[in-house]
Amino acid sequence: MAYQFQHATLPNGLTIIAETDPSAHSAAAGFFVKTGARDETDAEMGVSHFLEHMMFKGTGDMTADDLNKAFDEIGARNNAFTSNEMTCFYAHVLPESLPRVNELLGKMMRPSLHQEDFETEKGVILEEIAMYKDNPFWVLYEACTEKHFAPHPLAHRVLGTTQTITDLKREQMRSYFDRRYSADNTVVALAGRLDFDACVAQIGELCGEWKPTRASRDSTKPRTPGGELRLTDSKVSRGYVLALCEAPAVGDDRRYAAALLAQIMGAPDNSRMHWSLIEPGIAEEAQASFDPHDGFGEYFVYASGDPDRLDEIWETIARDLKNLRDTLCQEDIDRLLNKFVTGATVGGERSHDRMHRLGRQWTYLAEYTPLEEELARISRVTLDELRAVCDEFPIRPITIGRLTPE
């Protein structure tokens, strides 16, 4: 039996959506909040991710240990993530445990935010920031993103900086929570074997008193003047180069072609960058990716290798980018479509993957497109569409960064 889409909105504006399948062997639930680093002020940078941690520290009638034990008792696979644009708390369980998951997640979404927990977790966040400073890719990526988007808040680092986290006060976190974690800025996504009406009634009991705040977001495309930056670090022994380019937004129908173009350019294997950089031994890593945002998007291309060959690596990338449009062929589409369809079909058999796809899609676009329709749309991408997107969004570096040893 095919998945059935179901949708309800509580009086306070909380949206509940589901793809139900009576034959599924599992069920999944996720609370998606349309908030992330781009919704923070400069002084709040990192608060979304910090708050994600705090949601696990206990609620009105449950301690952190109570929450952990309760999830463990039902064998839940639960976690959370924060990005520039959304925060999600989710769990994947056997169908009979879904009501308990709804209860636990619903309670988590109204955390205690005790001062003692806040101070303890601040130390954890600062350690996490320090850890990422030892990752050359992230050091370069964050520096390039800041240069590319600043002063737009998409320049914000999801973890924040040592300074912003050190200076952050619990009262600032509470104010941010009250503004953004509202009924009308949250989507509950469900998938698998479940009773939708019963879930709606239960979530209504749990979350019906949440207040709406009419939280909003400016999705206007920012100005991206770009430029070059060069970083050095005595701790690195390789050279790294990364470039950001303009691309379609998450709601733009051209996103399907853009996703294919990024894979043609820099998929882990059998891509332009693989054959021109990895196979000849010019670079050790090489990839390209498409990252669509609310209102606009970007491509990034990245490579690393011998610092003495970094100029050669970049010249090879620049040549591949310049020649991409004119070297596209039907074989590129056919090869990638098989991978896309296989990956999406396998994911479509898992309630966990279905729930995440559903929640992300509705949080961004407030609409539902069945997986089968989306696969059909991807399958209809033509060479002319790929070339048109190359013309409209040339994969032309706007911001270029390098990281080399001192």
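Since every read-out is calculated from the coordinates, none of them should be taken as a lab result. Being a predicted model, the structure only gives us computed values, none of them experimental. Reconstructed Cβ throughout: ideal geometry from the backbone, glycine too, with neighbour counts over all protein chains shown.
Here are some notes:
- Summing Lys and Arg as +1 and Asp and Glu as -1 over all other residues whose Cβ lies under 9 Å from the Cβ of Ala64 gives a net charge of -2.
- The Kirkwood hydrodynamic radius of the chain, based on inverse pair distances between different Cα atoms, is 22.8 Å.
- Put simply, when 265-274, 286-295, 47-56, 65-74 are sorted by average Cβ atoms within 10 angstrom per residue, most first, you get 47-56, 286-295, 265-274, 65-74.
- In nm, spacing of pseudo-spin labels at Arg380 and Lys211 (7 Å Cα→C-beta vector): 4.6 nm
- Rounded if a/c under 1.5, otherwise prolate or oblate - the stretch 227-405, Cα gyration tensor axes: prolate
- Dipole of the chain, positive direction: furthest Cα of Trp275, Ala376, Val250, with charges on the beta-carbon: Val250
- Cβ-Cβ FRET estimate between Arg174 and Ala2, R0 fixed at 41 Å, reported to 0.05: 0.40
- Loop-located trypsin sites (Lys or Arg not before Pro) in the stretch 347-386 (DSSP state not H, G, I, E or B) with no more than 13 neighbouring Cβ atoms inside 10 Å: Arg380.
- Mean ellipticity per residue at 222 nm, deg cm²/dmol - from DSSP H runs of n ≥ 4 across the chain, formula -39500 (n - 2.57): -13500 deg cm²/dmol
- Prolate/oblate/rounded call for the stretch 4-207, Cα gyration tensor, a/c under 1.5 rounded: prolate
- Here the gap between Glu331 and Glu315, fully extended at 0.36 nm per residue and compared with their Cα-Cα distance, gives a gain of 3.2 nm.
- Residues of the stretch 32-56 with an amide N closer than 19 Å to a point placed 7 Å from the Cα of Lys221 along the Cα-to-Cβ direction: none.
- Put a dot 7 Å past the Cα of Lys339, heading toward its Cβ, do the same for Asn79, and the two dots end up 2.2 nm apart.
- Charge dipole of the stretch 1-125 about the Cα centre (unit charges at C-beta), most positive-ward option of Gly106, His49, Ala2: Ala2
- Rg over Rh [alpha-carbon atoms, Kirkwood Rh] for the stretch 92-140: 1.23
- For Ala150 and Glu373, a Förster radius of 45 Å and the Cβ-Cβ distance give a FRET efficiency of 0.75, rounded to the nearest 0.05.
- Placing unit charges on the Cβ atoms only, positive for Lys and Arg and negative for Asp and Glu, gives the chain a dipole magnitude near 520 debye about its Cα centre.
- Measuring nothing but how far apart in sequence close Cα pairs (under 8 Å, 6+ apart) lie, relative to its length, the chain scores a relative contact order of 23 percent.
- Net charge dipole size for the stretch 4-207 [Lys, Arg +1 and Asp, Glu -1 on Cβ; Debye, nearest 20]: 320 debye
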